[in-house]
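Chemist: Encoded as structure tokens, here's the structure I'll be asking about.
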Amino acid sequence: MKALKRLNEGLPGLVLGILIWGALVELIGIWFYQDKLRYTTGVLFGTGCCVFCAIHMAMMIADSVACGGVGTAQKLVKAKSGLRFLLVFIILAVMIHFNLGWWGSAFISLFGLKAGAYSQPLFYKLKKVKEESK
């Protein structure tokens, strides 16, 4: 977590939110899908892609701020965003092609990036309350 925090102060909370979302998707959805192994591997693929995307975005932001010019930063962000999208697409396509997991659970797990981002204020508020109680 310290390495993530050095990269971006908000990254540990984002990753925690993604992991909580993945756990919720697993715990709730496992009851409704018959092939439990494929459902679970789909959730793992989706959650893994989310964590990768979060770390990659933090690295991309740091690189684009450090590169200097506005035009260069925009090109860097566009190129790396496209690469990230392509990698996630390839990972999910391979998962579907080789029947390694259910695409639906992977797709729902990909929303973990949004859930983690929206849960950031809650995590900071809980951290602040915890620090004040000491």
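The values are calculated or read from the model by the stated rules, or taken from the named source; none is laboratory data. These figures come from a predicted structure and were not determined experimentally. Note that each Cβ is placed from the backbone with ideal geometry, even for glycine, and that neighbours are counted across all protein chains shown. Note: areas computed on protein heavy atoms with side chains; ligands, DNA, RNA excluded. Shrake-Rupley method; radii C 1.70, N 1.55, O 1.52, S 1.80 Å.
Chemist: Considering only helices (runs of 4 or more DSSP H) fully contained in segment 57-134, which possess at least 3 residues that are free of Cβ contacts under 8 Å to residues at least 40 places away in the same chain? Give the derivation first.
Modeler: Numbers: elements: 70-97, 103-110, 112-133.
So the answer is 70-97, 112-133.
Chemist: If you check S133 against the conditions, is it of a type in the set (S, T, N, Q) and at pLDDT 95 or above?
Modeler: Values: of a type in the set (S, T, N, Q): yes; at pLDDT 95 or above: no.
For S133, the condition - of a type in the set (S, T, N, Q) and at pLDDT 95 or above - is not met.
Chemist: Another question, then. From (1) farther than 30 Å from P121 by Cα; (2) modelled with pLDDT under 90, pick out the condition that doesn't hold for V65.
Modeler: Unmet for V65, out of (1) farther than 30 Å from P121 by Cα; (2) modelled with pLDDT under 90: (1).
Chemist: Please go through segment 27-46 and give me each residue that is open to solvent by 20 Å² or more (accessible area, probe 1.4 Å), in contact (Cβ under 8 Å) with a residue 40 or more places away in the chain and part of a helix (DSSP H, G or I), ordered by number.
Modeler: First, the residues of segment 27-46 that are open to solvent by 20 Å² or more (accessible area, probe 1.4 Å): 27-28, 30-38, 40-41, 44-45.
Narrowing further to those that are in contact (Cβ under 8 Å) with a residue 40 or more places away in the chain: 33, 35, 38, 40-41, 44-45.
Listed by number, the residues that qualify are R38, T40, T41, L44, F45.
Chemist: Could you check segment 57-80 and list, in sequence order, the residues that are polar (S, T, N, Q) and in contact with a helix residue (DSSP H, G or I) (Cβ under 7 Å, 6 or more places away or on another chain)?
Modeler: Here is the first cut: in segment 57-80, the ones polar (S, T, N, Q) are 64, 72, 74.
Matches in segment 57-80: S64 only.
Chemist: Is there a residue being within 21 Å of I108 (Cα to Cα) and open to solvent by 80 Å² or more (accessible area, probe 1.4 Å) anywhere in segment 66-87?
Modeler: yes
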